Structure formats: structure tokens, C-alpha cells
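Enquirer: I am attaching a structure below and will ask some questions about it afterwards.
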Amino acid sequence: MRGIVYEKYGAPEVLHIKELRKPTPKQSEVLIKVYTTTVTKGDVRMRSFSVPPFQWLFARMYLGMLKPKRSILGMELAGEIEEVGEHVTKFKVGDMVFASTFEVDFGGYAEYKCIPEDGVLALKPDKLSFGEAAASVGAGMSAIRCLQKSNIQKGQEVLIYGASGAVGSSAVQIATNHYGSIVTAVCSKKNLELAKSLGAEHIVDYTKQDITQLNKKYDVIFDAVDKLPKSKAKKVLKKTGVYLNVHKDTNSSYSKTRVEELLKIRKLMVEDKFKPYIDRVYPMEEIVEAHRYVDLGHKKGNVVIEILR
């Protein structure tokens with residue numbers, strides 16, 4: 001099988017396609033033929049080893065001191081089950097699925113990936129393309145995990161900072177369509193119409209307006225890009241309001257919880273309450289160009305990679 005690998009940290013050019021051994025599923029695993037994956041901020045950070053100084057040692061120990069321990073990136077995928085282990089009961093050959101690879105050493109950037117049947121894995125909604133299914137996983141789960149922590153209520157005022165990114169665009173839809181909140185989306189001028197189309201009732205161009213000068217207080221403020229300090233957000237947060245940060249409030253250490261979150265995302269997509277926004281789609285052979293684009297920091301929603309077409 002072919003896979004996209006990186007054997008040293010660096011610019012997008014460290015990524016290259018290599019012939020690899022096709023994996024064989026263990027007794028309780030399924031073998032997925034991967035149709036699509038994505039380029040997330042996490043993939044970019046791991047590839048370039050761009051981490052804050054206080055995380056440097058931990059990141060080196062986890063990712064690899066001198067070179068990557070896990071040479072295949074890809075935090076999410078969608079595809080078709082080609083083979084199942086003899087103890088598998090939840091899935092069958094031919095099932096169309098989507099999954100998170102976060103707990104199984106990543107690996108979405110390859111034509112095949114083995115995942116435990118009890119992993120973060122679910123049947124793909126029929127109405128979604130493989131690209132949409134893959135793109136829904138990480139961003140959708142992060143958005144719903146954070147919003148749930150706020151105990152958000154119908155009719156509450158919610159401000160989402162970074163509303164055009166993968167997590168932010170997911171959060172706008174979920175907060176509006178699922179929780180029934182009134183969303184103020186904060187993003188750049190070129191993305192205001194996108195935020196509005198996703199369900200935001202109010203839109204703010206952060207390049208023209210300081211949010212601390214808004215004449216409104218919010219029940220929930222969700223920083224979906226880790227660029228709005230809590231000290232600044234508190235100036236427009238109600239006394240009983242909740243501040244959420246995409247990095248600090250997305251930790252989930254239990255596989256069962258993550259599977260439940262994926263199933264919630266699936267349900268929202270089936271009910272037409274959430275659909276991941278796709279910015280660009282690249283073939284596997286253009287992975288370097290895809291990472292270059294995400295490196296620019298201007299992507300809207302998600303960038304999809306087609307592995308098998």
C-alpha cells in the first residue's frame with residue numbers, strides 16, 4: 001500500500017509518498033480502506049514540531065526526540081471496511097465508516113488503517129460524502145465537547161471567536177441548530193458571509209472592531225482558535241457566563257466518551273443540524289501543497305485529502 005510519511009521534522013516538503021506493508025487486522029480490529037483524510041492544525045504542528053516552549057519536552061517524548069516516532073500523520077479518516085478480525089461483531093465487510101485515529105497512533109495518511117472495533121469509529125451517514133465524513137470528526141467532536149461543558153441553554157447569547165475555522169465553523173452550526181442559542185461569530189471580513197450562512201445571527205470583523213467594545217454581554221464565549229485571552233473575553237462575559245478555550249477544554253481521556261461524542265456528531269449530521277465546511281480538496285499526490293496552504297493560517301473550515309479515489 002502507499003502512505004504519506006515524514007521521517008524528520010520540518011517544512012511540508014518532508015512529506016513524501018512511500019510504499020508500505022499493508023496491515024492485517026487483529027482479532028478485534030477492522031481493516032479500513034481509506035478514501036479520505038484531512039490536514040488539521042494538529043498534523044501541521046506535528047510535522048513541523050511547532051509547539052510552545054513549555055510543551056517542548058513532553059512533545060519530544062511523545063512525538064520523538066530526534067525524529068518522528070509515528071511516521072504517518074492523519075488524525076481522522078473515512079473509508080470502507082475491507083476485512084474484520086474473527087472477534088469483531090459491531091461491523092462487517094463493506095461497511096462505510098468514519099473514525100478518529102488519535103488513540104491509535106494516527107495513520108490516516110495511508111491507503112489502509114487498522115482500528116479496534118471499540119475504537120472511535122462509527123458508520124458513515126449515507127447523506128455525507130467521504131470528505132465531509134472525515135472532516136466532521138476532530139473539529140465536530142472538539143466543538144461539541146467544549147459547548148457541552150458550558151451547560152449552554154436555548155436562547156442564550158454565545159460568542160464564537162474564530163468562527164470560520166474547522167472547530168469554529170462546527171461550533172456555529174451546533175450552537176445554533178442543536179442548542180438553539182443566538183450566535184455572534186467573530187472572524188475576518190472575507191469570512192463574514194460564510195459565518196452568516198452557517199447560522200450566526202450576528203457577525204463581527206475582528207480586524208475592524210474590538211470585541212471588548214461590543215455593547216453586549218455573553219452567556220458563553222468560545223475561543224475556537226486559542227487567540228482570545230480570558231482576561232479580554234471577561235470584559236464582555238456575563239458574571240455567570242462561561243469562557244471556553246479550544247485547547248484547554250477539549251481534553252478527553254476516555255475512549256468511551258470519545259465514541260459517544262462521535263455518535264452525537266453523527267446524529268447531528270443525520271438530522272441536518274451540522275455539516276462540516278470543506279475549503280479545499282487535494283489528491284494524495286499533492287499533500288505538500290495541502291500542508292503549505294494550511295501553514296498559511298487562512299483556511300476556512302477543513303482541508304480534505306483524497307487517498308483512494
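The values are calculated or read from the model by the stated rules, or taken from the named source; none is laboratory data. Note that this is a predicted model, so its numbers are computed, not measured. Glycine also receives a Cβ, built like all others from the backbone with ideal geometry; neighbour counts cover every protein chain displayed. With ligands, DNA and RNA removed, areas are computed over all heavy atoms of the protein, side chains included. Shrake-Rupley method; radii C 1.70, N 1.55, O 1.52, S 1.80 Å.
Enquirer: Within region 83-122, report the trypsin sites (Lys or Arg not before Pro) that DSSP leaves as loop and that have at most 10 other Cβ atoms within 10 Å.
Expert: Listed in order of number, the matching sites are 92.
Enquirer: Full-extension gain between residue 123 and residue 7, please, as 0.36 nm times their residue separation minus the C-alpha to C-alpha distance.
Expert: Taking residue 123 through residue 7 to full extension adds about 38.5 nm, to one decimal.
Enquirer: How much solvent-accessible surface does residue 16 expose, in Å² to the nearest 10, with a 1.4 Å probe and all protein chains in place?
Expert: 70 Å²
Enquirer: Once the Cβ-Cβ distance between residue 151 and residue 33 is put in as r, and R0 is 35 Å, what FRET efficiency do you end up with, to the nearest 0.05? Kindly include the intermediate steps, with their values, before the conclusion.
Expert: Values: r = 41 Å, r/R0 = 1.16.
The computed FRET efficiency comes out at 0.30.
Enquirer: Still on this model: Mind checking the full-extension length gain between residue 231 and residue 16? Use 0.36 nm per residue of separation minus the Cα-Cα distance, one decimal, nm.
Expert: Working: separation 215, 0.36 × 215 = 77.40 nm, distance 4.27 nm.
Gain on extension, residue 231 to residue 16, equals 73.1 nm.
Enquirer: Dimensions of region 195-309 along principal axes (Cα, Å, largest first)?
Expert: 51, 38, 28
Enquirer: Quick one: helix 130-149 against the long Cα principal axis of the chain, what's the angle to the nearest 10°, folded into 0 to 90?
Expert: 50 degrees
Enquirer: Using a Gaussian network model of the chain with C-alpha springs under 10 Å, which one of 221, 115, 211 is most mobile by mean-square fluctuation?
Expert: With Cα springs under 10 Å in the chain, the top fluctuation among 221, 115, 211 is at 211.
Enquirer: Now, a different point. Please check: in the Gaussian network model of the chain (C-alpha springs, under 10 Å), which one of 184, 38, 257 has the largest mean-square fluctuation.
Expert: 257
Enquirer: Also, I was wondering about something else. What's the angle, to the nearest 10 degrees (0 to 90), between helix 255-270's Cα axis and the longest principal axis of the chain?
Expert: 70 degrees
Enquirer: Using a 1.4 Å probe and ignoring any ligands, DNA or RNA, find the accessible area of residue 201 and quote it in Å² to the nearest 10.
Expert: Answer for residue 201: close to 120 Å² accessible.
Enquirer: Taking all protein chains as present, what is the carbon and sulfur share of the accessible area of the chain, in % to the nearest whole number, probe 1.4 Å?
Expert: With neighbouring chains kept in place, the figure for the chain is 52 percent.
Enquirer: So between residue 188 and residue 66, what do we pick up on full extension, going 0.36 nm a residue minus the alpha carbon distance?
Expert: Length gained between residue 188 and residue 66: 40.1 nm.
Enquirer: First measure r as the distance between the Cβ atoms of residue 26 and residue 215, then evaluate 1/(1 + (r/R0)^6) with R0 = 45 Å and state the FRET efficiency to the nearest 0.05. Mind showing how you got there, number by number?
Expert: Numbers: r = 59 Å, r/R0 = 1.31.
For R0 = 45 Å, the calculated efficiency reads 0.15.
Enquirer: Probe 1.4 Å, all protein chains in place: accessible area of residue 219 in Å², nearest 10?
Expert: Residue 219 exposes around 30 Å² with every protein chain in place.
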